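Structure first, commentary second.
The values are calculated or read from the model by the stated rules, or taken from the named source; none is laboratory data. Values in this document were obtained by computation on a predicted structure and should not be read as measured data. Glycine gets a Cβ as well: all are built from the backbone with ideal geometry, and neighbour counts include every protein chain shown. Heavy atoms of the whole protein, side chains included, go into the accessibility calculation; ligands, DNA and RNA do not. Shrake-Rupley method; radii C 1.70, N 1.55, O 1.52, S 1.80 Å.
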Amino acid sequence: MTWSRRNFLWSSSGMTAAMAAANVVYPVLTQAAEPPRKWHRTADVVVIGSGATGLPAAIVARETGTSVILVEAEKDIGGHAITSGGNVPLGGGTSAQKKYGIEDSPDLLFRDLTDWSVVEPSGFPDYRYNDREIVRAFADNSAQTFEWLVAHGVVFVDKEPDEFGGRSVGNSVPREMHAAVMNWPMVQTGKPTDPGVQAVMSSGNGLMRPLEAAAKKASVQIMLEHKMTSIYRQNPTSGRVLGISVDNKGNKLNIRARKAVIIATGGSTGNVNFRRMFDPRLTEEYCGLSGMPWSDQDASGELSAIGIGASLWGLYNQTGEFGASLTKPGTVGCQYNYVNLQWMPGSPVFDRARASGLRVGNWQDLILVNMLGKRFYDETGPEFSSNNYNSIKPYKQDSYLNAKNMKYNPINFINSALAGIGDGHNGGGPIWAIFDADAVAREKWNTKPPNVDIDAGFFFSADNIVDLAKKIVMKYQRIPMPPHNLEQTVARYNSFVDSGVDEDFGKPKPLYKLTKPPFYAAWATPVIHDTRAGLRINAKCQVMDMNGRVIAGLYCGGESAGGFSQHGLARATCQGYIAGKNAAMENPAI
Ligand SMILES: Cc1cc2nc3c(=O)[nH]c(=O)nc-3n(C[C@H](O)[C@H](O)[C@H](O)COP(=O)(O)OP(=O)(O)OC[C@H]3O[C@@H](n4cnc5c(N)ncnc54)[C@H](O)[C@@H]3O)c2cc1C
């Protein structure tokens, strides 16, 4: 069939600013496509996406003897997983846990991740709304997935499991292991790391490059720059799934899946309209998604599946304020400013990232202001938190005391940044870091490109505060910053440094005045990080419809799957493992 306006509805206002900024265009499927007359390629299992879910799924399926095609929208494999920290909280009794005498079991892991009594200081419960069936499957397959990764070339740092880096990974025992980067070139820099740290530094490069090698060795057919645009079912919203269509630089191909299609597309936070179903505040200005511009999370997997009848699941997990779902930036002055990901000029995607940003060593060195030039919170304040091992003391599974003893102490930096300026808009608008030449010296920053993104309007400088405010003109600054506001804000803050007390936001002893020109305004808007809700799946990772029935031949895992509030790599790799195994066991359709 040919694409027509009937099939796609563009976002009501045309291409949004964030889409334009990210240079991506995503069609919104409004109705299912008729199965094609012609299939250009065929495999038993077709996997969409080559990240933490897709590569394990493809390899596992292929190693059972089934043929596998894996399609990937980008020029290279890896998804957000390859940009990640490589901290992998798989537990339930792994060889690494046993080596260090840590007693864990699938039951302990399951009970940890479904413990109603675990709450954060904000009152948000990490695990209360997890789907038991999905978490049980994770708990039962978690240790196997870890051993499987090791058997497929992933080297973990040789040290005791800990709780560093994961989010919402259970409170009973440490489970976190770290993929060693080894000598794989980092996507962040284009170069391998120093040989001295290769075995001890954790990185997603060390997780995904070995899996890529394993997939190639197993003869998985990897089709890069092939973006899935729709999923075909026998009838538009009934019958089994038959295959997918992909777009390759404007050419359309239909790929038949004799057994199953696995959606491993990595979530939805890059799609402004989709993410706003969960949180209306997340408008276009939140354009610094972590993991981008290596790969997007444009909800194409979710939308295509919804188009053929799939249901979403566990939506509270996306709305709730957990861990790193929304984060404070780690760098300022560039669009992609996630705290654990800095793009350097050697990176293969640096042309899209445009700047590395200025890494903030000390939040005392600057003030943060909103679109109107007003401070809104203690700049040193952190983001949301999650519950991991050691974060509730004493912890006793399922004890009402866990929730009762938690001291209410919400971390409100993000909420305050997103609160806005009272002009009736949902999004909070840009947040700007304001600092002076002394701060630049203290931080040892070089304020020239490619460290900062001047051309796209993410960094400004001027010789005085009034001119600085006037210069802040860019697509997300929907209201010009009143110069006198910024002047008053800086003067008031300087008076707090004199008195040693931040009377407005309680910043612990403000240390440095802003007095020495030039003055700077650098993009410091919060970053969207995580998708924790997506398609409804069952224990086998089969996608379910709105009537709770399995959609035959359709699987999903990772950030595009719902029902499991946990950040990252553990659930993605484990669900890829589960989906690959079960998809390969399907009876061929034809
Ligand atoms: C900077 C950063 C650090 C992180 N650190 C950690 C960590 O230390 N520990 C942890 O547990 N988690 C971490 N995470 C989270 C973790 O990386 C993700 O949760 C995980 O990669 C999700 O796996 P996934 O398979 O769902 O998606 P991804 O790994 O993102 O893979 C999805 C793939 O699908 C492709 N795709 C999407 N749509 C299509 C389409 N229509 N057609 C074809 N291909 C498509 C994408 O291009 C991408 O390659 C981090 C994330 C980031 C961004």
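Descriptive notes on the structure:
- Taking the longest Cα principal axis of the chain as reference, the axis of helix 483-499 is set at about 80 degrees.
- Label point distance in nm, residue 390-residue 234, each placed 7 Å from Cα along Cα→Cβ: 5.5
- Peptides 307-319, 363-375, ordered by how many other C-beta atoms sit within 10 Å of their residues on average, highest first, read 363-375, 307-319.
- Think of it as helices only: each DSSP H run of n ≥ 4 in the chain is worth -39500 (n - 2.57), and spread over all residues that comes to -6500 deg cm²/dmol at 222 nm.
- A Förster radius of 35 Å, combined with the Cβ-Cβ distance separating residue 273 from residue 133, puts the computed FRET efficiency at roughly 0.75.
- For residue 229, distant residues with modelled amide H under 5 Å away: 245, 246, 247
- The phi torsions of the range 177-190, fed into the Karplus equation with coefficients 6.51, -1.76 and 1.60 and a -60° offset, translate into couplings of 10, 10, 6, 6, 5, 6, 9, 5, x, 6, 5, 5, 10, x Hz, rounded to whole numbers, with Gly and Pro shown as x.
- Compared with the dominant Cα axis of the chain, that is its longest principal axis, helix 132-151 is turned about 90°.
- The range 203-270 - percent relative contact order, Cα under 8 Å, separation 6 or more: 20
- Relative contact order %, the range 468-590, counting alpha carbon pairs below 8 Å whose residues are six or more apart: 16
- For residue 249, the aspartates and glutamates whose Cα comes closer than 15 Å to its Cα, not counting residues fewer than 8 places off in the same chain, are 72, 74, 76, 225.
- Axis of helix 569-584 versus longest Cα principal axis of the chain: the two differ by about 20°, to the nearest ten degrees.
- Calculated FRET efficiency for the pair residue 216/residue 98, C-beta based, R₀ 45 Å, to 0.05: 0.90
- Stokes-Einstein D (µm²/s) once Rh is taken as the Kirkwood radius of the range 330-481 over alpha-carbon pairs, at 25 °C in 0.890 mPa s: 138
- For the peptides 570-576, 226-232, 162-168, residues were scored by their other Cβ atoms within 10 Å and the scores averaged per peptide; the highest-first order is 570-576, 226-232, 162-168.
- Applied to the range 193-203, the Karplus parametrisation 6.51 cos²θ - 1.76 cosθ + 1.60 on θ = phi - 60° returns per-residue 3J(HN,Hα) values of 7, 4, x, x, 10, 4, 8, 10, 8, 8, 6 Hz, with x for Gly and Pro.
- Computed over the chain, Kirkwood Rh from alpha-carbon pairs, angstrom: 24.5
- For the chain: relative contact order, % (alpha-carbon pairs under 8 angstrom, 6 or more apart): 22
- In order along the range 223-228, the phi-based Karplus estimate (6.51 cos²θ - 1.76 cosθ + 1.60, θ = phi - 60°) of 3J(HN,Hα) comes to 10, 6, 6, 10, 9, 5 Hz; Gly and Pro are listed as x.
- Whole-percent carbon and sulfur share, accessible surface of the chain, 1.4 Å: 53
- Using a Förster distance of 41 Å, the FRET efficiency for residue 340-residue 37 (Cβ separation, nearest 0.05): 0.30
- Residue-normalised accessible area of the chain, expressed per residue, 1.4 Å probe, Å²: 37
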